[in-house]
Amino acid sequence: MLKEVVHRSHHLWQCFPRHLHCHDWSPVNSKARSRSGRGSVSWRKPLFCMASYHRDVVLATNAVRLASRLCQTVQRGLLTQETQTKSDKSPVTVADYGSQALVNWSLAREFPPGTFSMVAEEGSEDLRTEAGAPMLERITQLVNDAIASDAALDVAPLSKEDVLEAIDWGNSEGGSNGRHWVLDPIDGTRGFVRGDQYAIALGLLDNGKVVAGVLGCPNLPMGSIANGIPANSSEPVGCLFVASLGAGTTVEPLDGSGEPKRVHVSDVEDTAIATFCESYESAHTMQDLTANIAGTLGVKAPPVRIDSQAKYGAMARGDAVIYLRFPHFGYREKIWDHAAGAIVITEAGGEVFDAAGEPLDFSRGRWLDLDTGIIATNKELKPVVLSAVQKCVKDLKIPAKH
Ligand SMILES: Nc1ncnc2c1ncn2[C@@H]1O[C@H](COP(=O)(O)OS(=O)(=O)O)[C@@H](OP(=O)(O)O)[C@H]1O
Ligand SMILES: [Mg+2]
Ligand SMILES: [Mg+2]
Ligand SMILES: [Mg+2]
């Protein structure tokens, strides 16, 4: 079956106009136009784009929207048997696997055979065991339901083997040459399980540099979260952030009900009125260190703590001025936890760097080797934030590289 898909994808690719210009491509497969009335991923016509990655951005947006639907369905009624614990003790759910299978399947069919490379978080090993069989059954059903709900996808259902295979298309090592997609199918799984924030994070590397990023944040309010996330608010929820090199960052409703709007990081230059955001989970960042850095900077507001790369999206539109992330000793960052988020910030005018002040290097494979920590802020505040970080990190006596 997947062979068929790949074969057909080659055909699709051959039919696709190669040298698209921004204005040439504005597919609309909305509910209103669909033959069956099933609705489809609401295709967008971006306001800001750069010709070379425009097609990738459109494909990535559609894939993320499709996966978001699956995640929303699962989060509404998550059952305990739909969650497993991985060997590193972190949780993984049917939605992490389902989202990865859908994004991989949806993108791979658009590229010529042998040219699709994906670096993604999950692998199918645990699903291939006897204990994993019920989960695989459920994931296959969720994936097929999501595909069937989209009128633009007129394909036969995937088998369990197809789903396993699609998940494993994410096993690329990435690197500094060529094009590699980078996917976190659910970033912030702990938040997802808790019923809080999470993100479907899809980036694209070209010769080691992040050139495009799409963040689907199904639970993030469209309005500012500078003062935290209001409970029981009537605010519309569900944001899609899209960025590509030289083309800026936009935000729009994830459900396709509104137009993309360009966003920019905060222009606050006075740290006394700056806000900062960080991981919700204290196990993921040294919150005592970040409190110390914030204190050194004279930041008065309490931290905005939310799960996942939704933080990067929130920062890109100015909800927070500074992002601080300092994992506990020994933790090694992975590229899918930051690729999409980093370009969403940089294209919104911000900077993302490590404690040495260097930009993140996504060219070294699946891992993100960096000096201590990840920091983001606007260009004006970078020197003062970096200096506070370096002072506090030195006081903490963290080994320079870990
Ligand atoms: N011990 C430890 N230290 C630091 N980071 C860790 C750690 N364990 C996991 N992770 C990674 O954190 C990802 C979740 O993103 P955040 O830390 O920003 O969000 S939050 O902690 O859920 O609030 C999370 O991403 P997902 O696994 O995709 O949920 C992990 O990759
Ligand atoms: Mg995980
Ligand atoms: Mg993650
Ligand atoms: Mg994940």
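The values are calculated or read from the model by the stated rules, or taken from the named source; none is laboratory data. All values reported here derive from a predicted model rather than from experimental measurement. Note that we place each Cβ from the backbone using ideal geometry, even for glycine, and neighbour counts take in every protein chain shown. Protein only, heavy atoms only, side chains kept; ligands, DNA and RNA dropped before computing areas. Shrake-Rupley method; radii C 1.70, N 1.55, O 1.52, S 1.80 Å.
If you filter region 178-202 down to residues that are modelled with pLDDT of 95 or more and away from ligand 2 (no atom under 16 Å from the Cβ), you find that the one that is nearest to the chain's Cα centre (by Cα) is Trp181. When the test is whether a residue is in contact with a helix residue (DSSP H, G or I) (Cβ under 8 Å, 6 or more places away or on another chain), open to solvent by 20 Å² or more (accessible area, probe 1.4 Å), within 23 Å of Asp56 (Cα to Cα) and hydroxyl-bearing (Ser, Thr, Tyr), Ser159 does not pass it. One residue stands out among those in region 347-360 that are out of contact with any Lys or Arg (no Cβ under 8 Å at 6 or more places or on another chain) and touching a residue at least 24 places away in the same chain (Cβ under 8 Å): the one that is most open to solvent (accessible area, probe 1.4 Å), which is Glu347. Scan region 172-189 for residues that are surrounded by fewer than 19 Cβ atoms within 10 Å (Cβ to Cβ) and under 19 Å from Ile200 (Cβ atoms) and jot them down. Once the filter is applied, which keeps residues that are surrounded by fewer than 19 Cβ atoms within 10 Å (Cβ to Cβ) and under 19 Å from Ile200 (Cβ atoms), region 172-189 yields only Ser172. Restricting region 190-207 to residues that are open to solvent by less than 10 Å² (accessible area, probe 1.4 Å) and away from ligand 4 (no atom under 16 Å from the Cβ), the residue that is farthest from Asp96 (Cα to Cα) is Leu205.
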